Amino acid sequence: MSLSSRIFLLSGDDMLHALAGNAFMRMLRKEDNCRIPDFAGQRVRQAHLVVEVVDRNPVQVVHQTFCVLDIDTDGLLDVERLNLQQFARVEDFLAQVPQSPAQSSAVVVEAANRFVAQGGSWQPDERLQVRLHAAALGKLACPRVRVVR
């Protein structure tokens with residue numbers, strides 16, 4: 001058994017577009033001006049699914065996360081905004097971890113992070129969830145994101 005990552009971008013009409021993991025990593029590192037011009041100037045929903053692979057065949061989705069990517073007018077990912085949203089999600093999660101009774105009376109909840117985190121995340125409805133799982137398991141074909149350097 002092994003694990004494999006599947007990344008999808010969703011266009012405004014909920015069409016799934018497969019994004020190669022190495023292309024996404026180049027976008028995160030801002031290497032080679034890696035751009036996705038078909039999504040330029042848009043806020044794009046991203047679904048990242050991790051699948052279990054047995055004998056080179058994907059068998060089940062074991063983890064999934066959903067975020068919103070901001071793509072500038074040149075087709076470049078706004079990495080700074082994505083980082084802010086991801087850090088806010090972690091801080092929001094940690095703020096929900098129970099504190100010891102002595103600490104809890106002095107804790108001030110910082111709601112700004114919660115708003116930043118919510119602005120960078122989304123949840124699919126059941127129908128879209130089924131399509132995402134089918135695509136991640138290779139049962140639903142979808143076009144690949146055109147990446148330009």
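Every number here is computed from the coordinates shown, using simple stated rules; none is lab data. It should be emphasised that the depicted structure is a prediction, and the values quoted were computed from it without experimental measurement. All Cβ positions, glycine included, derive from the backbone under ideal geometry; neighbour counts span all protein chains shown.
Values as computed for the structure displayed
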quantity	calculated
Calculated FRET value between residue 149 and residue 84, using beta carbons and R₀ = 25 Å, to 0.05	0.45
Cα convex hull of the stretch 19-99 - mean projected area over all directions, nm²	7.3 nm²
Residues of the stretch 8-34 with amide N under 16 Å of a point placed 7 Å along Cα→Cβ from residue 134	14-18
Projected label distance in nm at residue 126 and residue 142, using a 7 Å step from Cα toward the beta-carbon	2.0 nm
Nonlocal amide H pairs with residue 75, under 5 Å, H built at 1.01 Å	41
